[in-house]
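Colleague: For reference, the structure I am asking about is given below.
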Amino acid sequence: MSEHTKKTVNWRNGKQFLAKITEKWPVKVLSVVAAIILFVFHRLGNVQERFFAVPLHIEIGSNLVPSSPYPRNVRVTLRGDANSIYPVAEDDVEAYLDLTEYRTPGSFRAPLRIRKKGTAIEAENLEIVVDPMEITIELDTRLSKYVPVVPDLEGSPESGYEMVSYTLEPNQVVIDGPVSLISGVAELFTSPIALTGRNEDFALHIRVMNPNSLLVIRGDGMTEFRGFIRELIMIRNFDGIPISVTGLSGDFAAPEAGFGSLRLEGAQRFLEVFEAPENLLSVDASAITGPGTYTLPVLASVPETFTLSRQEPVEITLQITETDAEEDDEGKDNGGEER
């Protein structure tokens, strides 16, 4: 076969091949496009999403701290097939803001970054998206100082009682934070401490409240409060109390003994409702055996729950007379009048 003949055959074969390819080409093109679309939809159908929130970590130089609010948690989206996204634990995705390059206070905008750990490293075809993607944050110089702790007391003890003193251990803490905030902190309060209805000493392990999330309280942020409760003691005066004469034989008579006064001290809950009984002040005349002038002590019948701090008078003088002699005199007077 000559060279010319070979060329002619090859040309014919190529023409036939091209004709076969282009034969019904619209249908073939549509078939290819349909196959591509089906493949894409198949892949999209297998792509799933999972959402969760993770803490945002700030990586920063030791001399600076954040001085403006920033999100403490960020939203993380995992995209991929079910076998890739669901085995990933939330702790295996860490979101952080790298601010280590900044050395002076100011306002900065930095991108959020993701650090994979554990199962997130091993997952194939896994896409991780974080929201927001960038954060603007202000930095200020770090400052530390001691501040006193003050108890936040609520309510009052039971009626008749008072809290006379308390202790806090520790009674001061060290706080760290930006200069712009920490310089204005003079004291820190505890969580509320209820005094309502208390009538005895008590102790509580309570938290020191942080007034701003940009401040850090060193240690565990706890303190022990001890309150010391005592009964209220009151002083009350009783005036114009009649002094009664007791124990005097029927053969004798005594004039009215007059009035006296007392000053008592005792628990408020008892003393403020105490009413002076009869014979609170009295004179014991049981030892008198005849008429005459007697100086006798005035006795105060004070309940044991009270303390007698003052009494007036402490003694009185009585003129004792015989009852029969008085009656004879009265008879004689009456007889004389009748005559």
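Any read-out appearing in this document is the output of simple, stated calculations on the displayed coordinates, not a laboratory observation. In this text, all values refer to a predicted model and were calculated from it rather than measured experimentally. Here the Cβ is made from the backbone with ideal geometry for all residues, glycine too, and neighbour counts use every protein chain on show.
Colleague: Please check which bits of segment 108-146 a label hung off V216 would reach, taking the label as a point 7 Å along Cα-to-C-beta and the cut-off as backbone N under 19 Å.
Modeller: 137-146
Colleague: Considering only C-alpha atoms, what is the centroid distance from segment 104-118 to segment 190-237, in Å?
Modeller: 41 Å
Colleague: Which distance in nm do the two modelled labels at A89 and S183 give, with both placed 7 Å along the Cα-to-Cβ direction?
Modeller: With each label point 7 Å from Cα toward Cβ, the separation is 4.5 nm.
Colleague: Amide H neighbours of I233 under 5 Å, counting only residues 5+ apart in sequence or on other chains, H built in-plane at 1.01 Å?
Modeller: The list, which skips near neighbours in sequence, is Q268.
Colleague: According to a simple spin-label model (label point 7 Å from Cα along Cα-to-Cβ), what is the distance in nm between E138 and Y294?
Modeller: 9.1 nm
Colleague: Then there's this: In nm, to one decimal, how far is the E315 label point from the E101 one, both placed 7 Å along Cα→Cβ?
Modeller: A separation of 10.2 nm, rounded to one decimal place.
Colleague: Now a separate question. Restricting to DSSP loop positions (anything but H, G, I, E, B) with no more than 14 other Cβ atoms inside 10 Å of their own Cβ, which GluC sites (Glu not before Pro) remain in segment 209-266?
Modeller: Sparse-neighbourhood loop GluC sites (Glu not before Pro): E256.
Colleague: Just flag the GluC sites (Glu not before Pro) in segment 92-134 sitting in loop per DSSP whose Cβ has no more than 12 other Cβ atoms within 10 Å.
Modeller: Passing both the DSSP loop test and the Cβ count: E101, E124.
Colleague: Another question about this same structure. Taking loop as defined by DSSP and a crowding limit of 14 other beta carbons within 10 Å, which trypsin sites (Lys or Arg not before Pro) in segment 46-127 fit?
Modeller: Values: sites: R50, R72, R75, R79, R103, R109, R113, R115, K116, K117; in loops: R72, R103, K117.
Those that pass, being in a loop and sparsely packed, are R72, R103, K117.
Colleague: With a Cα-only, solvent-free Debye model of segment 70-190, what are the log10 I(q)/I(0) values at q = 0.20, 0.23 Å⁻¹?
Modeller: Once normalised to I(0) and log-transformed, intensities are -1.08, -1.23.
Colleague: Report the gain in length on full extension from Y166 to E322: 0.36 nm times residue separation, minus Cα-Cα distance, nm rounded to one decimal. Walk me through the numbers before you get to the answer.
Modeller: Details: separation 156, 0.36 × 156 = 56.16 nm, distance 6.57 nm.
Stretched out fully, the Y166 to E322 stretch lengthens by 49.6 nm.
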